[in-house]
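Trainee: Structure provided below as structure tokens; questions to follow.
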Amino acid sequence: PDILKQNGDVYRRLRNTLRYLLGALKGMNAKERVAPKEMPELERWVLNRLLEIDGIMRDDLAKFDLGHLMTTLFNFCNADLSAFYFDIRKDSLYCDSADTMRRRAARTVMELVFNHLVVWLAPFLSFTAEEAWLSHFGDSANSVHLQTYPAVPSEWKDEILAKKWADIRVIRRVVTGAMELARNEKKIGAPLQAHPHVY
């Protein structure tokens, strides 16, 4: 029962990532897309992560290390996307005007993430990936199982940006931990009431 519960939780988190992306991409069109060089740093960090994940995925497939591959994809969805990127960009998605650069860049990146992630997950979550693919591209689209893994441009690689954002994430973890303590002590009611000082 514990193993089944754990796998069910993993599945739900992966499915929720695809659901969030589908919701965020509603009405996306080619005119809205932004070139990577015009994107804010955070979006370029996500593109760098896609490049890193693609390399890990192809290496794991060559070695038939499917357990490590699934762990990598799960951690990407759970830690990099849901707990970090989506959390930061949700305000932009919900509140920014549709023509702002930040919102357009976020949706462009989310489209790229979706296009890669759904194909990567297809061998493991065959029905869910197919449902997500057809939901995004329409019933007339070819099956996700007829797609090859998308190419990832080498220009997305940015080790300096990756290091910078790794440091930012460490600081963010400390700040969110301190805010959680403040909430438990009833000093603040919500994170937006906090005014942390990093020193």
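The values are calculated or read from the model by the stated rules, or taken from the named source; none is laboratory data. The model shown is predicted, which means the values in this text are computed figures rather than measured ones. Here Cβ is always computed from backbone atoms with ideal geometry, including for glycine, and neighbour counts include all displayed protein chains. All accessible areas refer to the heavy atoms of the entire protein, side chains included, with ligands and DNA or RNA removed. Shrake-Rupley method; radii C 1.70, N 1.55, O 1.52, S 1.80 Å.
Trainee: Please work out which residue is farthest from GLY55 (Cα to Cα), limiting yourself to the stretch 161-193 and to residues that are of a type in the set (Gly, Ala, Ser) and assigned to a loop (DSSP other than H, G, I, E, B).
Mentor: From the stretch 161-193, those of a type in the set (Gly, Ala, Ser) are 162, 166, 177-178, 182, 189-190; that's our starting set.
From what's left, assigned to a loop (DSSP other than H, G, I, E, B): 189-190.
Working: GLY189: 42, ALA190: 39 Å.
In this case the residue turns out to be GLY189.
Trainee: Follow-up. Looking only at residues in the stretch 168-199 that are surrounded by fewer than 11 Cβ atoms within 10 Å (Cβ to Cβ) and either under 25 Å from the mean Cα position of the chain (by Cα) or in contact (Cβ under 8 Å) with a residue 12 or more places away in the chain (or both), which one is farthest from LEU42 (Cα to Cα)?
Mentor: By that ranking, first place goes to ALA190.
Trainee: With GLU159, GLU111, GLU130 as the choices, which residue is touching a helix residue (DSSP H, G or I) at 6+ places or on another chain (Cβ under 9 Å) and open to solvent by 60 Å² or more (accessible area, probe 1.4 Å)? Lay out the reasoning, then the answer.
Mentor: Numbers: GLU111 fails: open to solvent by 60 Å² or more (accessible area, probe 1.4 Å); GLU130 fails: open to solvent by 60 Å² or more (accessible area, probe 1.4 Å).
Answer to the check: GLU159.
Trainee: Same structure, new question: Quick one: how many residues across the stretch 138-160 are under 27 Å from PRO40 (Cα atoms) and part of a helix (DSSP H, G or I)? Outline the logic, then answer.
Mentor: Quick first cut of the stretch 138-160, residues under 27 Å from PRO40 (Cα atoms) only: 149-160.
Filter once more, so that each one left must be part of a helix (DSSP H, G or I): 154-156, 159-160.
Count: 5.
Trainee: Of everything in the stretch 69-93 that's farther than 20 Å from LEU125 by Cβ, in contact (Cβ under 8 Å) with a residue 12 or more places away in the chain and of a type outside the set (A, V, I, L, M), which residue is most open to solvent (accessible area, probe 1.4 Å)?
Mentor: Here the residue is ARG89.
Trainee: Counting only residues that are of a type in the set (Lys, Arg) and under 19 Å from SER154 (Cβ atoms), how many does the stretch 48-68 have?
Mentor: Within the stretch 48-68, the first condition is being of a type in the set (Lys, Arg), and the residues that meet it are 49, 58, 63.
Narrowing the set further to residues that are under 19 Å from SER154 (Cβ atoms) leaves 49, 58.
Residues flagged as of a type in the set (Lys, Arg) and under 19 Å from SER154 (Cβ atoms) within the stretch 48-68 amount to 2.
Trainee: Here's something else I'd like to know. Considering only residues of the stretch 52-68 that are within 16 Å of the chain's Cα centre (by Cα) and open to solvent by less than 40 Å² (accessible area, probe 1.4 Å), which is farthest from TYR94 (Cα to Cα)?
Mentor: Taking the candidates together, the pick is MET57.
Rundown of residues vs (1) in contact with a helix residue (DSSP H, G or I) (Cβ under 9 Å, 6 or more places away or on another chain); (2) closer than 18 Å to ARG89 by Cα; (3) buried (at least 17 other Cβ atoms within 10 Å of the Cβ), yes/no style:
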| position | (1), (2), (3) |
| --- | --- |
| LEU4 | no, no, no |
| ARG19 | yes, yes, no |
| LYS26 | no, yes, no |
| ARG44 | yes, yes, yes |
